[in-house]
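The values are calculated or read from the model by the stated rules, or taken from the named source; none is laboratory data. Bear in mind the structure is a predicted one, so any value in this text is a computation, not a measurement. As a convention, Cβ positions derive from the backbone with ideal geometry for all residues, glycine included, and neighbour counts pool all protein chains shown. Side chains included, ligands, DNA and RNA excluded: accessible areas come from the protein's heavy atoms. Shrake-Rupley method; radii C 1.70, N 1.55, O 1.52, S 1.80 Å.
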Amino acid sequence: MIWSFTRNAAQTDLEVRRLPEGFALVVNGPDGSERVEAFLDPRRVINHLLAVQQQFIADGWIPSSPIGRSAIV
């Protein structure tokens with residue numbers, strides 16, 4: 001599952017991936033960087049994902065579609 005956020009002309013994406021040994025939260029930065037965090041427990045990855053999304057919004061990022069359009073009407 002992928003969640004996209006925009007701020008001005010920049011876009012960043014959050015992705016949860018299923019791994020053989022658990023889950024990964026991947027943060028793709030607007031500069032092309034990628035940060036991967038691994039989790040064994042699905043509740044922990046979801047709780048962390050929600051915290052990261054809340055921090056993005058607090059930092060001025062706006063939830064959007066993967067093509068850059070605002071997801072909030």
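Scanning region 32-65 for residues being open to solvent by 50 Å² or more (accessible area, probe 1.4 Å), farther than 25 Å from P20 by Cα and not in a helix (DSSP H, G or I) gives a total of 3. Would you confirm, using the coordinates I've provided, whether V26 is under 14 Å from I2 (Cβ atoms), part of a strand (DSSP E or B) and modelled with pLDDT of 95 or more? In short, yes. Residue check: is G68 at pLDDT 95 or above and part of a loop (DSSP other than H, G, I, E, B)? For G68, the condition - at pLDDT 95 or above and part of a loop (DSSP other than H, G, I, E, B) - is not met. Applying the condition of being open to solvent by 50 Å² or more (accessible area, probe 1.4 Å) and touching a residue at least 24 places away in the same chain (Cβ under 8 Å) to region 3-31 and asking which residue is nearest to F56 (Cα to Cα) yields R7.
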